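Written below as structure tokens is the structure these notes are about.
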Amino acid sequence: MVSVLQTSLGLLKSQLSRKIVTSIFLSLAAIELVVFIPSYHQRRVDKLKELEAISEEVLLTLKANVMAEMLSAELLAEVQASLSPDTIILGAALYDIQGELVDSFGEAPTLLAPTGGLTSIKRLLTASGTRYDVAWPSRQFQGQYVLVIRHDATSVRRYMVQYSIGIFLIVILISAFVTLVTIFMLERMLINPLLLLRDDLCQAAEAVHQPQLAKFKSLKQSRQDELGEVIRAFASMFGQISQEVQERQQAEAALRSEQEKSETLLRNVLPVAIANQLKNDPSNRMAIASRFEHVTILFADIVGFTQLAAKTAPTKLVCQLNDIFSVFDALAERHGLEKIKTIGDAYMVVGGVPAPMENHAEAVMAMAIDMQVAVKHYDVQLRIGINTGPVVAGVIGKKKFSYDLWGDAVNIASRMESHGVAARIQVSAETHGLLKGKFQFEDRGCIEIKGRGQAHAYLWVPSVVDVGAVAVNRRLKGGN
């Protein structure tokens, strides 16, 4: 019983429980109060009538004296003499038919006799509730007198206070008992299931993203009522939402994976800055074009590749070419240069695009030297041409994007390569002007360039100083 009481009282921590309990308790108290008020008045009337029954003895004595034709001045004296010492009659007043006072004794009643006599009993309880006056009609005294008797109603007042307290305690006990029973029933039928459902709802917010199905406590109770239908509907809804969330997460993961692949592929095709610009605003592809006044372009070509391709298996040839160009890609990344494209066995790289670069000529020259060193491991020779000048760079194509360079400087760099010397690096006069004093060159004189006529060209002369400078630069940039 104690544990049940503790559990029931513990439920009062719930706002819903407090509201229900308060409503039930107040409703019961209101019903008891409605029943109590008329009961209280009726009980007081009954107790006052008991006082009237005592005063009837005075009434009988007075009637007998009137019938004996006793003098009016002696009527109340005879009555007073017959009263016991502990009587509740405190006083009386005798009036004639005209309402004039004939005689009285003790406390004077508040209630007065009207002129013309009294046809029925008249009663008056004072405001303090301690005095009760009763006026007996004149017909009781052969139509000659009206008798008003004052009673001590203190005992009635005391009784009514005790009666009210008793009723109040009974109301409290009944209301408390019914409330506790109601709480006990609500605990088993409504509150506990609702609390379990609340906990399950809180758990569902976290469990909906988990692949395994959550174990809800509310489902352990088999209910065949409306609350059971709500619990089963919640479990069904959670299952559907959980499945949809899992499917959405899988779709999002697949989408992110594909997006990462697309972005990686895009960054492999285009410079990172251009790829990011195109990704952020794909509709503005035509605006991705810029002019650069000072850049250095390098063209490299494998000497005798056509003859090599004729006597080498296709798979082996492609693998070898892939190995060589992969080394070139790593060198371009190491020197901070941008690979533009490969055409067959030709390789094109630029310094100063798309981000401006102060030492673009030196970086391109250092990469060219590394390229010549690297191809020695593949038993091939490389012809390299370099030129410096202004270019226009931008994205072309609708389905297969390509970042390319245009301008006379690009054409001259291509001619420097095509008119170069195997296993050598040839630079134009513009590039030579930026590199002289830093690298050793031999003046080749003027060579015929298609569309440009004569152009001065220089060949790099390998030396211990140049190779050492390239090696130091490679170590400073984190290379091997």
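Here's how it looks for Lys341: its modeled amide H is under 5 Å from those of Met348, which are all 5 or more places away or on a different chain.
Each of Ile369, Pro356, Tyr403 was placed along the dipole of region 281-476 (beta-carbon charges, centred on the mean Cα), and the one lying farthest toward the positive end is Tyr403.
Panel order for Met185, Met416, by other beta carbons found within 10 Å of each beta carbon, from fewest to most: Met185, Met416. Computed from backbone phi, the HN-Hα couplings of region 18-32 come to 4, 5, 5, 4, 4, 5, 5, 4, 5, 5, 4, 4, 5, 4, 4 Hz, rounded to whole numbers (Karplus: 6.51 cos²θ - 1.76 cosθ + 1.60, θ = phi - 60°; Gly and Pro given as x). Only the Cβ atoms of Lys and Arg (+1) and of Asp and Glu (-1) were treated as charged; on that basis the dipole of region 281-476 about its Cα centre amounts to roughly 420 debye.
Taking the Cβ-Cβ separation of Tyr163 and Ala233 as r and a Förster radius of 56 Å, what is the calculated FRET efficiency to the nearest 0.05?
On the way: r = 54 Å, r/R0 = 0.97.
It comes out at approximately 0.55.
For region 404-411, 3J(HN,Hα) computed residue by residue from phi via the Karplus equation (6.51, -1.76, 1.60; θ = phi - 60°) reads 9, 10, 9, x, 5, 5, 5, 4 Hz, glycine and proline entered as x.
Amide H to amide H, with H built 1.01 Å from N, Val303 comes under 5 Å of Gln381, Leu382, Arg383, counting only residues 5 or more places away or on other chains. When a/c is below 1.5 the answer is rounded, else prolate if a/b is larger than b/c, else oblate, so apply that to region 370-465 with a ≥ b ≥ c taken from the square roots of the Cα gyration tensor eigenvalues. Note, shape of region 370-465 comes out oblate.
The HN-Hα couplings worked out from phi for region 313-328 by the Karplus form 6.51 cos²θ - 1.76 cosθ + 1.60 (θ = phi - 60°) are 4, x, 5, 5, 4, 5, 5, 5, 5, 5, 5, 5, 5, 5, 5, 4 Hz, whole numbers, x standing for Gly and Pro.
Under the rule a/c < 1.5 gives rounded, and otherwise a/b versus b/c splits prolate from oblate, where does region 281-476 land using the Cα gyration tensor?
Values: a/c = 1.37, a/b = 1.08, b/c = 1.27.
Note, shape of region 281-476 comes out rounded.
Could you line up Arg256, Arg44 from fewest to most neighbouring Cβ atoms inside 10 Å? Starting with the residue having the fewest Cβ neighbours, the order is Arg256, Arg44.
Region 367-398 and region 305-345 have their alpha-carbon centroids 11 Å apart.
Counting only aspartates and glutamates at least 8 places from Lys261 when in the same chain, those with an alpha carbon closer than 15 Å to its own are Glu252. Pick out, in residue order, every one of the GluC sites (Glu not before Pro) in region 304-358 that is DSSP loop and has at most 11 other C-beta atoms within 10 Å; say none if there are none. Answer by residue number: Glu358. Amide H contacts under 5 Å for Phe441: Val461, restricted to partners 5 or more places along the chain or on a different chain, H placed in the peptide plane at 1.01 Å from N. How many lysine pairs are close in region 329-446, with Cα atoms under 23 Å apart and the two 8 or more places apart or on different chains? Qualifying lysine pairs in region 329-446: 8.
Rule-based calculations on the coordinates, nothing more; no lab input. Computed from a predicted model, the values in this text were never measured in an experiment. Cβ: placed from backbone, ideal geometry, glycine included. Neighbour counts: every protein chain shown.
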